[in-house]
Amino acid sequence: MEPWVDDLSVGNAAIDADHQKLIVMVNEVEAMIRARCGKALPQALEQLEQHLQIHFVREEKIARAVNFPFGANRMGHEYVLKEFQHMKNELIAREGIWSDGAAEHYSHFLSDWITDHVLNEDMLLKPVLQTYPYGFDPT
Ligand SMILES: [Fe+2]
């Protein structure tokens, strides 16, 4: 997806910083998938998964601290982690060998997900987060 811009801000520094990092990592992984970097990909996927987990925990803590009803978002987090792990295992097992169609499929999964996560799911938090200081971080 496109690099992070101010329009993607959800009104909280910690969440925005996580999203910036996630977008960079997603774009790196996508480039590796398209270039079929079978060697570098497993580590990049592990790092992205770790950052996803860290981000979801942080986001859930912040949502709880501002009393935002986060149930639907939490289910979305669990779902995408499962899907991500499935994709990671598939890609690692294929050792750099996949079709153009599969590369497109995996890339779209990642960029569609990150776009939806930031613009649709987390944007719901913005009106509440904006009533707190931008640096608000209860974690
Ligand atoms: Fe998020």
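Between the residues Ile23, Ala103, Gln47, the greatest Cα displacement towards the positive end of the dipole of the chain, with unit charges on the Cβ of Lys, Arg, Asp and Glu, is found for Gln47.
Site pair Glu95 and Val66 shows an inter-label distance of 4.8 nm when each label is modelled 7 Å from Cα along Cα→Cβ. Taking the average, over residues, of other Cβ atoms within 10 Å as the packing measure, peptides 98-110, 120-132 rank 120-132, 98-110 from highest down.
Tally Lys and Arg at +1 and Asp and Glu at -1 over the other residues with C-beta under 12 Å from the C-beta of Met75: what net charge comes out? Write out the running numbers ahead of the final one.
Working: positive: Arg74, Lys82; negative: Glu60, Glu78, Glu121.
Value of the local net charge: -1.
Packing, as the average of other Cβ atoms within 10 Å across residues, places the peptides 14-20, 66-72 in the order 14-20, 66-72, highest first. Annotation for the stretch 83-113 versus the stretch 46-68: alpha-carbon center distance of 23 Å. In this entry, the chain is assigned a mean projected area of 7.8 nm², taken as a quarter of its C-alpha convex hull surface.
How long is the gain from Thr115 to Tyr134 if the chain were fully straight, where each residue apart is worth 0.36 nm and the alpha carbon distance is subtracted?
On the way: separation 19, 0.36 × 19 = 6.84 nm, distance 2.17 nm.
Answer, rounded to one decimal: 4.7 nm.
Compute the acute angle (0 to 90°) between the alpha-carbon long axis of helix 41-65 and the principal axis of greatest extent of the alpha-carbon atoms of the chain; round to the nearest 10°. Relative to the chain, helix 41-65 is tipped by roughly 20 degrees. Helix 71-94 versus the longest principal axis of the chain: what angle, 0 to 90°, nearest 10, using Cα atoms? On a 0 to 90 degree scale, this one is about 20.
A helix-only calculation puts the chain at -23000 deg cm²/dmol for mean residue ellipticity at 222 nm, using -39500 (n - 2.57) for each DSSP H run of at least four residues, averaged over all residues.
A short reminder: the numbers here are calculations on the coordinates, not readings from a lab. Owing to the predicted nature of the structure, the values given are computational and were not obtained by experimental measurement. Methodologically, a virtual Cβ is constructed for each residue, glycine included, from the backbone with ideal geometry; neighbour enumeration extends over all protein chains shown.
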